[in-house]
Amino acid sequence: MKQFLMHFSPRLYGFLRWTILWLKFGYAGRALNIARSINGFLTDQEALTLYKLTNRYLPIESPVVVEIGSWQGKSAVMLGAGLRNKHTPQLYCIDPFNGDGDSYSKNIYSNTLQDLNSSLLDIFLNNIKAAGLMPFTTPCPGYGYEWGERLSMPINLVFIDGNHEYSAVLADYELWEPKLVPGGIIAFHDVRGGHPGPQRVFEEKIRHPKWKDIRFSDSLAFAKKVE
Ligand SMILES: C[S@@+](CC[C@H](N)C(=O)[O-])C[C@H]1O[C@@H](n2cnc3c(N)ncnc32)[C@H](O)[C@@H]1O
């Protein structure tokens, strides 16, 4: 049935898929439908968890979210969608937008980049625009360590998903953790599934009395900074 609809009536198929997601997950389902169309590395479960983290656990007034590693905007769309009903939210997305990274990932990125007709930054911006998140999303082209000084405000949530080498993940943690407010949330992608860098930083730094409410969602892990 699914194959039949996809083939003979893709618009009806798209509409039904959107409706089912909307009925099942509400606004998060709408965001998930957009996120599914964006190239990236999140499972549906992880995407929905990112939405939940910003939507349920951040304050209503002026929450600040920083993402390290945005690629084409899949995770940014979910983080941003969760902020939509807050007052003056801010989402900062740091990425060199050039496919740089650890040696394992760089090969995967370059295969994808070869097939793109626009720049990575343009694709990211189009995806953010399509999701209606432009008013409070700031793309930050460059590396996490280049933005540390410029983004000096207190942060409510930091999502670390950039270079996956141990030293790079550790540097991201050391740079951004002090900016996180008490009660703020830190999240890492790829703490499971054969990525030793994020996994080791998570084990060494987050399994510590400084952090509570440690949770996992597929290979995403997050924790709350003790107040
Ligand atoms: C795994 S992808 C991010 C995927 C994205 N979070 C998503 O779920 O759609 C990692 C991204 O981080 C970028 N990157 C690599 N090193 C970085 C660094 N030091 N700071 C920020 N971004 C970095 C890569 O170029 C790539 O675009």
Using helices alone, I'd like the mean residue ellipticity at 222 nm for the chain: each DSSP H run of four-plus residues gives -39500 (n - 2.57), total over residue count, nearest 500. -13000 deg cm²/dmol
Per DSSP, the loop-located GluC sites (Glu not before Pro) within the stretch 81-168 having at most 15 other beta carbons within 10 Å are E149
Computed for the stretch 40-225: size of charge dipole around the Cα centre, +1 on C-beta of each Lys and Arg, -1 on C-beta of each Asp and Glu, debye to nearest 20, value 760
Size of the dipole of the stretch 167-220 about the Cα centre, Lys and Arg at +1 and Asp and Glu at -1 on the beta carbon, nothing else charged, in debye to 20? 180
Could you calculate the FRET efficiency of N85 with Y145 from 1/(1 + (r/R0)^6), where r is the beta carbon distance between them and R0 is 35 Å, rounded to 0.05? 0.60
Going Cα to Cα from K210, which lysines come in below 18 Å? Please leave out same-chain ones fewer than 8 positions away. K179, K224, K225
How do D218, D213, D172 line up, fewest other C-beta atoms within 10 Å first? D213, D218, D172
Approximate spin-label separation Q45-L23, in nm, with each point projected 7 Å along Cα-to-Cβ: 2.4
Mind telling me which of A131, A81, A31 comes out most flexible in a GNM of the chain, alpha-carbon contacts under 10 Å? A131
1/(1 + (r/R0)^6) with r = Cβ-Cβ of E204 and S119, R0 = 41 Å, i.e. FRET efficiency to nearest 0.05, evaluates to 0.70
I'd like to know which of W22, L151, L133 lies farthest towards the positive end of the charge dipole of the chain, counting +1 on Cβ of Lys and Arg and -1 on Cβ of Asp and Glu. W22
Only Cα pairs under 8 Å and at least 6 apart count here; give the relative contact order of the chain as a rounded whole percent. 17
Residue order, fewest to most beta carbons within 10 Å, for V77, V191: V191, V77
Label-point gap, in nm, between T112 and K129 - each point 7 angstrom along Cα→Cβ: 2.0
The exposure ranking of C140, C93, fewest beta-carbon neighbours within 10 Å first, is C140, C93
So, in nm, how far is label R56 from label K2 when the simple model puts each one 7 Å beyond its Cα toward the Cβ? 2.6
If you count the DSSP beta bridges with both ends in the stretch 78-227, what percent of them are antiparallel, to the nearest 5? 45
Those trypsin sites (Lys or Arg not before Pro) from the stretch 132-212 that are DSSP loop and have at most 16 other Cβ neighbours within 10 Å turn out to be R150, R192, R207, K210
Cα-Cα over 30 Å: which of K106/K212; K2/K86; K74/K205; K24/K86? K106/K212; K2/K86
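FYI, it's all coordinate maths here, none of it is from the lab. Just so you know, these numbers come straight off a predicted model, no measurement behind them. When we count neighbours, we look across all protein chains shown, and the Cβ atoms used for this are built from the backbone with ideal geometry, even at glycine.
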